[in-house]
There are 2 protein chains.
Amino acid sequence: MPDEGVTPRSTDYGRWYLDVIREAELADYGPVRGTMIIRPYGYAIWENIQQALDRRFKETGHQNAYFPLFIPHSFIQKEKQHVEGFAPELALVTVGGGKELDEPLVVRPTSETIINHMFTQWIKSYRDLPMLLNQWANVVRWEMRTRPFLRTLEFLWQEGHTAHATYQEAEAEAMLMVNVYRDFAETDAAVPVIAGRKSRLETFAGAVHSYTIEAMMGDMRALQSGTSHNLGDNFARAFGTQFLGENNELHFISQTSWGLSTRFVGAVIMVHGDDKGLALPPKLAPTQVIIVPIWRTEGERTGVLNAAGRLHQQLTTAGIRASIDSTDQRTPGWKFNFWEMKGVPIRIEIGPRDIEKGTVVLARRDKPGREGKTMGIAWDAAGERAAAMLAEVQTSLLARARAFLSSNIHDVTGYKELQEVIAAGGWARGWWAGEDDDELRVKEDTGATIRCLPFDQPGGAGPCLMTGKPAGEVAVFAKAY
Amino acid sequence: MPDEGVTPRSTDYGRWYLDVIREAELADYGPVRGTMIIRPYGYAIWENIQQALDRRFKETGHQNAYFPLFIPHSFIQKEKQHVEGFAPELALVTVGGGKELDEPLVVRPTSETIINHMFTQWIKSYRDLPMLLNQWANVVRWEMRTRPFLRTLEFLWQEGHTAHATYQEAEAEAMLMVNVYRDFAETDAAVPVIAGRKSRLETFAGAVHSYTIEAMMGDMRALQSGTSHNLGDNFARAFGTQFLGENNELHFISQTSWGLSTRFVGAVIMVHGDDKGLALPPKLAPTQVIIVPIWRTEGERTGVLNAAGRLHQQLTTAGIRASIDSTDQRTPGWKFNFWEMKGVPIRIEIGPRDIEKGTVVLARRDKPGREGKTMGIAWDAAGERAAAMLAEVQTSLLARARAFLSSNIHDVTGYKELQEVIAAGGWARGWWAGEDDDELRVKEDTGATIRCLPFDQPGGAGPCLMTGKPAGEVAVFAKAY
């Protein structure tokens, strides 16, 4: 409960994060190590994320389907890189219905293999392509170090899986979807991201290219927030997924996969939250406006609650997700703190003096104290003003996070400079033409990894910060969750 | 593909069912025995079911949450009846991250136990009650005889879990939710149901009372289509889930759980389908209106496709889910069959003569041939007429299914009569005051079980059909899926 408050971010960012999750009732720990319960308030944020993404997936021609949780163990082993990537993280079902199974079943860590098995049956001719599927599902990865939302033994996500006639089409699809993620992150979550290509070392197990959106958390660490992979024909060759082309010859299909998970809730917490708790972007906020009626006497109570009810009606009609906190077991001050902890973008205060004047007070979550308060708004105008203010909060959260991101990315020209930037907690950006070994050395020395080779490049060329060799693109380095 | 058609229902109902699932592309078999892939068309029906239910759950004050897939094995064993019911059907994870686990993990068959574990932590005082949760999730039961949608190793469902201060409140909640299911089934799915209480033998493992909605499939077999349980304090006692009452004393909470699954897609198929394939109730149909443009020459093609496009726009604006089948790789006749197989409620035909006259033809899926066709509908009126016709189809499917249900339930006064009704494939309804043993004898002799003791009772009393003892209520017997 908010009485306890949260550890200040500056004191201990990791504790702050866990405190906010507890106090805002977003999640709780499950009885099995590394598992998590997503509580109603956290789940409502996830539902809004789901809706924002699902709409975009359908607009870009994808259909939802559902594939089984259990995958035969032999499937995982068909694609060489894939098995190397996932074998250490598997959960295995070995007993079913009281009997030892002949072949253990893998609890899906991701569904490329089982989907390829089905693609092989469904795709016969070029007329069956492209096949553009998505599924909303739970997946399991046996992670050792877990943290709510960011890394859990089981998590919820969507995984898109598409099949195409050519490598070029798969490449275009993979690029399309990473841009869908970028648009969602910036437009709905007010989370600015650096979108780009993963280095070879960081490419998904089984992919030709992996694309990513990388967000900067409040402690400046990076969070990989969504990825999109061009799988080429790697899985098609492993599973024999071929189609008869217009030329009447057999070809391997080209594929993509792309996913965004409940981890994104962690990004929302860490990008926008402050010492008062959560601060939610209006488009994802389960409650966008909380109305807090204020009264002292029983006589005042009725008038104030009536006015609050009418206001609630007005906001709801305007399409705003609004609630009234009318309990008399808590003081207004307690309620202010509580709903600030919950990150509700706007609070409306309505008391006896407001009733006399026919006005209300609007308070923005993103601006503290008096600065965020607008007094004397006429009742009739409250819906319109609240809608406009929600749009302002959405824009202002994005602008603030964008300023934080760009002021903490530093251009570096040499390795020493990179080390200094990383040691100070920032992100380093510089020309890069290094090998895998060079990249590993950066990780060993500094703890930072190449987050991506951004799509947004300066142009031209320059000397690799590590090797001095001519480089055609810059890479972004950071420590990451 | 619909070229193959489906086995007539009268020839082999079981094969007809599987043929429809294949030809309408609703589902496919997974590589692990008993698992199923829900294909996009089947999943779109499930999404419409989800929306219809989720809206009702939220309107009745429930919130969604998400609980872990993995449950410690010891949890399942805490509630005596529960473990007896579920132990034979469990899938166990024994290896995680390459290591043998100390305690096997159960892949959830249902979530009462893990949710009780959390209730015990979250519920401290009467102020925390009622707690009204729901989750959309996958569950696993190691079934031996499986059939797509009806009984699969893994299935998708929602499971509601609520905690209350008193037994009476839990009872009211369990009743509320079985009535929510009934309302959904009849209003949205056009599936009439008999709602009632389960016999003691058929009560959920761990419940005090189980309530059910029972639907009659096209072969007259019953399908349990949704259940709601008053768990009393059985789980609370097993898990020690207590709260401090207003009287400052500790009390066990009372609970409910209720679920409806992808099995319901099977009900929709079997209640409405015919020898031409699926027939979907408009409220659940992914595509409500299919527009089939008809042309012979290239000159006709342009005009017809333009008109089809305008019509599509008109329907979409009217809130109708409409599509155009404009491929030139198939004939209009092939398309008619295809969309009938898919169960689309209304087809709009638009050809060169319609262009001349400024009219279209509307054809209803639920009425074959000329009877279902309405010619000469003016373009401007098509949206309105289609909307009205969708409402008619919805009503007519329900009425037809309701007539089928009531004409196949027979009142019986003695056991011989019951046996005859069941042998003829019907449902039998009669006064019942039998013991568990009597009920088991019916099952052994006839294959039928008590589907429920309906809420809708004739009133009064009569002699038990089996024992002759005075009975205060009637039971409904049927063979079931």
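Provide the packing ranking of A:12-18, A:265-271, i.e. peptides ordered by the mean count of other C-beta atoms within 10 Å per residue, highest first. Write down the numbers at each step before the final one.
Values: A:12-18: 16.6, A:265-271: 26.1.
Peptide ranking by packing, descending: A:265-271, A:12-18.
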Item checked: Euclidean distance between Cα centres, region B:10-46 to region B:185-244, Å -> 26 Å
Notebook entry, point to check: Quick one: Karplus J couplings for region A:466-481, per residue in order, coefficients 6.51, -1.76, 1.60, θ = phi - 60°, nearest Hz, x for Gly and Pro?
Noted result: 9, 9, x, 5, x, 10, x, 8, 9, 10, 10, 10, 6, 6, 9, 6
Notebook entry, point to check: With no solvent and one point per C-alpha, what does the Debye sum give as log10 I(q)/I(0) for chain B at q = 0.12 Å⁻¹?
Noted result: -1.10
Margin query: Which order do you get for A:371, A:473 if you rank them by accessible area with a 1.4 Å probe, largest at the top?
Written below: A:371, A:473
Check: Projected onto the charge dipole of chain A (+1 at Lys/Arg Cβ, -1 at Asp/Glu Cβ, origin at the Cα centre), which of A:247, A:322, A:73 gives the Cα projection farthest towards the positive end?
Finding: A:322
Check: Sequence-distant or interchain residues sharing an amide H contact under 5 Å with residue B:455, placed H: which?
Finding: B:195, B:196, B:197
Check: What are the ³J(HN,Hα) values, in whole Hz, obtained from phi via the Karplus relation 6.51 cos²θ - 1.76 cosθ + 1.60 with θ = phi - 60°, for each residue of region A:92-101 in sequence order, with x given for Gly and Pro?
Finding: 10, 8, 10, 10, x, x, x, 10, 5, 7
Check: From Cα coordinates alone, what are the radius of gyration and Dmax values for region B:339-481 in angstrom?
Finding: 23.7, 74
Notebook entry, point to check: In the structure displayed, which of A:367/A:479; B:283/B:342; A:80/A:479; A:283/A:342 lie more than 21 Å apart, Cα to Cα?
Noted result: A:367/A:479; A:80/A:479
Notebook entry, point to check: Nm distances between the label at residue B:318 and the same-position labels in the remaining copies, 7 Å along Cα→Cβ, shortest first?
Noted result: 3.4
Margin query: Rounded to the nearest 10 Å², what accessible area does residue B:451 have for a 1.4 Å probe in the complete protein model?
Written below: 10 Å²
Check: How much mean residue ellipticity at 222 nm does chain A get from its helices, if each DSSP H run of length 4 or more adds -39500 (n - 2.57) and you divide by all residues, to the nearest 500 deg cm²/dmol?
Finding: -11000 deg cm²/dmol
Check: Nearest 20 debye, what's the magnitude of the dipole of chain A about its Cα centre given +1 on Lys and Arg Cβ and -1 on Asp and Glu Cβ?
Finding: 1020 debye
Note to self: Quick check: convex hull over the Cα atoms of region B:192-296, volume per residue in Å³, rounded to an integer?
What the structure shows: 155 Å³
Item checked: Neighbourhood charge, 12 Å Cβ-Cβ cut-off, centred on residue B:353 and excluding it, Lys, Arg +1 and Asp, Glu -1 -> -2
Item checked: Sulfur and carbon atoms: percent of accessible area, region B:353-428 [1.4 Å] -> 54 percent
Check: Around residue B:291, which amide H atoms from residues at least 5 apart in sequence, or from another chain, sit under 5 Å from its own amide H, with H modelled in the peptide plane?
Finding: B:323, B:324, B:325, B:348
Next item on the list: Enter the accessible area per residue of the protein assembly as shown (Å², integer; probe 1.4 Å; all protein chains in place).
Entry: 40 Å²
Item checked: 7 Å along Cα→Cβ, label-point gaps from residue A:187 to other copies, nm, shortest first -> 3.2
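Once the other residues with Cβ under 11 Å from the Cβ of residue B:11 are scored (Lys, Arg +1; Asp, Glu -1), what is the net sum? Intermediate values should be presented prior to the final figure.
On the way: positive: B:9, B:15; negative: B:12, B:19, B:275.
Around residue B:11, the charge tally is -1.
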Margin query: Straight-line reach only, C-alpha to C-alpha below 14 angstrom: list the aspartates and glutamates that residue B:78 could link to, leaving out same-chain residues fewer than 8 apart.
Written below: B:112, B:233
Check: Between copies, how far does the label point of residue A:359 sit from its twins, in nm, shortest first, when each point is 7 Å from Cα along Cα→Cβ?
Finding: 6.5
Margin query: Restricting to Cα pairs below 8 Å that are 6+ residues apart, what does the relative contact order work out to for chain B? Please round to a whole percent.
Written below: 13 percent
Notebook entry, point to check: What percentage of all Cα-Cα pairs in region A:301-368 are separated by more than 16 Å?
Noted result: 50 percent
Checklist line | Heavy-atom accessible area order for A:305, B:244, B:105, largest first, 1.4 Å probe | finding: B:244, A:305, B:105
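From other protein chains only, count the Cβ atoms within 10 Å of every residue's Cβ in A:32-43, then give the mean. Intermediate values should be presented prior to the final figure.
Details: counts 13, 2, 4, 7, 3, 11, 6, 7, 9, 2, 2, 8.
Counting other chains' Cβ atoms within 10 Å and averaging over A:32-43 gives 6.
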Margin query: For peptide B:24-31, what's the mean number of Cβ atoms from other chains within 10 Å of each residue's Cβ?
Written below: 4
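Per-residue Cβ counts within 10 Å, from other chains only, averaged over B:85-96: what number is that? Numbers along the way, then the final one.
Numbers: counts 0, 0, 2, 2, 3, 5, 10, 9, 12, 7, 7, 12.
Mean partner-chain Cβ count within 10 Å for B:85-96: 6.
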Margin query: Please report Rg (one decimal) and Dmax (integer) in Å for the Cα set of region A:275-431.
Written below: 20.3, 72
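Considering all projection directions equally, how large on average is the shadow of the alpha-carbon convex hull of region B:136-196, in square nanometres?
Details: hull surface 23.1 nm².
Projected area, direction-averaged: 5.8 nm².
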Next item on the list: First obtain the Kirkwood hydrodynamic radius of region B:342-390 from its Cα pairs, then insert it into the Stokes-Einstein equation at 37 °C and 0.692 mPa s, and state the resulting D in µm² per second as a whole number.
Entry: 299 µm²/s
Check: To the nearest 100 Å², how much accessible surface do chains B and A cover up together, summed over both, with a 1.4 Å probe?
Finding: 4200 Å²
Check: Just how many % of Cα pairs in region B:22-149 lie over 18 Å apart, if you round to the nearest whole percent?
Finding: 67 percent
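So for the protein assembly as shown, what percent of the C-alpha to C-alpha distances run longer than 50 Å?
27 percent
Over all directions, the average projected area of the alpha-carbon convex hull for region A:431-481 comes to how many nm²? Could the numbers behind the result be given before it?
Numbers: hull surface 14.2 nm².
Approximately 3.5 nm², given one-decimal rounding.
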Next item on the list: Would you pull out the residues with amide H under 5 Å of residue B:377's amide H, same chain only if 5 or more places away, H placed 1.01 Å from N?
Entry: B:360, B:362
Notebook entry, point to check: Taking the Cα-to-Cβ direction at residue B:166 and at residue A:201 and moving 7 Å from each Cα, how far apart do the two end points lie in nm?
Noted result: 6.6 nm
Checklist line | Rounded to whole Hz, the Karplus (6.51, -1.76, 1.60) HN-Hα couplings of region A:267-284, x for glycine and proline | finding: 4, 4, 4, 7, 7, 9, x, 9, 5, 8, x, 5, 9, 9, x, x, 5, 9
Checklist line | All-pairs Cα distance distribution in region B:344-428, expressed in whole percent, bin size 5 Å | finding: 3, 13, 17, 14, 11, 8, 7, 7, 6, 5, 4, 2, 1, 0
Next item on the list: Using the Kirkwood radius over Cα pairs, work out the Stokes-Einstein diffusion coefficient for region A:109-254 at 4 °C and 1.567 mPa s, in µm²/s as a whole number.
Entry: 78 µm²/s
Margin query: Given a Förster distance of 35 Å, report the FRET efficiency between residue A:435 and residue A:248 from their Cβ-Cβ distance, rounded to the nearest 0.05.
Written below: 0.20
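What's the FRET efficiency of residue B:359 with residue A:396 using the Cβ-Cβ distance as r and R₀ = 45 Å, to the nearest 0.05?
Working: r = 54 Å, r/R0 = 1.21.
So, using R0 = 45 Å, E works out to roughly 0.25.
The values are calculated or read from the model by the stated rules, or taken from the named source; none is laboratory data. Remember, it's a predicted structure, so these values are computed and weren't measured experimentally. All Cβ positions, even for glycine, are placed from backbone atoms using ideal geometry, and neighbour counts span all protein chains on display. Ligands, DNA and RNA are stripped out before the accessible areas are found, and what is left, the full protein with its side chains, is counted by its heavy atoms. Shrake-Rupley method; radii C 1.70, N 1.55, O 1.52, S 1.80 Å.
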